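A.B. asks: Have a look at this one.
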Amino acid sequence: MAIVSEISNARNGRQNRVQTFNSGKSPDHEANIAKGKTNIQENLKHLLSRF
C-alpha cells in the first residue's frame, strides 16, 4: 500500500503544479506546500519505520 500511496501523492503533487501553472497563481499555494511537506514527512516516517 505504501507504494500506491506514494504514487498517489506524486500524482496529486503534479496535478497541483499543473493547476498552479495554468492559473498563474493558485490561491491556496501555501496550503499546497504545507500539505506536500506533511506528505513527505509522513512518507519518510513510514519508510524509516521499516528498518
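Any read-out appearing in this document is the output of simple, stated calculations on the displayed coordinates, not a laboratory observation. All values reported here derive from a predicted model rather than from experimental measurement. When we count neighbours, we look across all protein chains shown, and the Cβ atoms used for this are built from the backbone with ideal geometry, even at glycine.
A.B. asks: Peptides 30-37, 42-49: what's the order by average Cβ count within 10 Å, highest mean first? Present the calculation step by step, with values, prior to reporting the outcome.
C.D. replies: Numbers: 30-37: 12.5, 42-49: 10.5.
Packing order, densest peptide first, comes out as 30-37, 42-49.
A.B. asks: Once you put a point 7 Å from the Cα of L48 and another 7 Å from the Cα of I3, both along the Cβ direction, what distance in nm separates them?
C.D. replies: Here the modelled spin labels are 2.4 nm apart.
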